[in-house]
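Please read the structure below before turning to the comments.
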Amino acid sequence: MTWEALHLPLVLLLFASGSWAQVEENEVVWAVQQQVVSVKCPSTPPAGEYENKIWCKETKPGYCLKLVTSTRPQVMAQNPPHFIWDNPSAGFFIVIVTEITKKSSGTYWCGIDRGPKESIYILKNISLVVTSIFWAALL
Ligand SMILES: *[C@@H]1O[C@H](CO)[C@@H](O)[C@H](O)[C@H]1NC(C)=O
């Protein structure tokens, strides 16, 4: 059995359940190349000032490369192909990756960026698994 054949049922399951399906803290997201992927990240509406939201890629344990940062509510934060849309009162924000390649595979965090000297507060740890484009034709 090939890698793709092995994972087809899982890919179909993902689409059947909707790509918004939310698992607290950790999530495995399956994607095919050239697909757009969205991830829903939980956030508690802040009592005070807006808290910057971040999407980053874990480069080694405990380290994360910043990809896009949202510094304002209800404004699309852009660093193509990475985007964040945050509506704090909704209790979540949305990360969108508009271009998935084989290299997109890996571990990502969405979280709160507390500035250069402070660490990222991780809201969710996402394992992105990229499978062959072949299956995109079936979906
Ligand atoms: C995120 O999840 C991956 C895969 O399970 C794991 O290797 C990594 O250590 C986790 N990172 C953090 C900061 O929890």
- Message: With within 16 Å of the ligand (Cβ to nearest atom), modelled with pLDDT under 95 and under 13 Å from the mean Cα position of the chain (by Cα) as the only criterion, which of 95, 129 stands out?
- Response: 129
- Give the residues of the range 64-92 that are surrounded by 13 or more Cβ atoms within 10 Å (Cβ to Cβ) and within 16 Å of the ligand (Cβ to nearest atom), sorted by residue number. 64, 66, 67
- Would you be able to say whether some residue in the range 14-27 is modelled with pLDDT of 50 or more, part of a loop (DSSP other than H, G, I, E, B) and of a type outside the set (S, T, N, Q)? no
- Message: Quick check on my filter: what residues within the range 53-72 are more than 21 Å from residue 37 (Cα to Cα) and of a type outside the set (Gly, Ala, Ser)?
- Response: 60, 61, 63, 71, 72
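The values are calculated or read from the model by the stated rules, or taken from the named source; none is laboratory data. Bear in mind that the values here come from a model prediction, so they are computed numbers and not experimental data. When we count neighbours, we look across all protein chains shown, and the Cβ atoms used for this are built from the backbone with ideal geometry, even at glycine.
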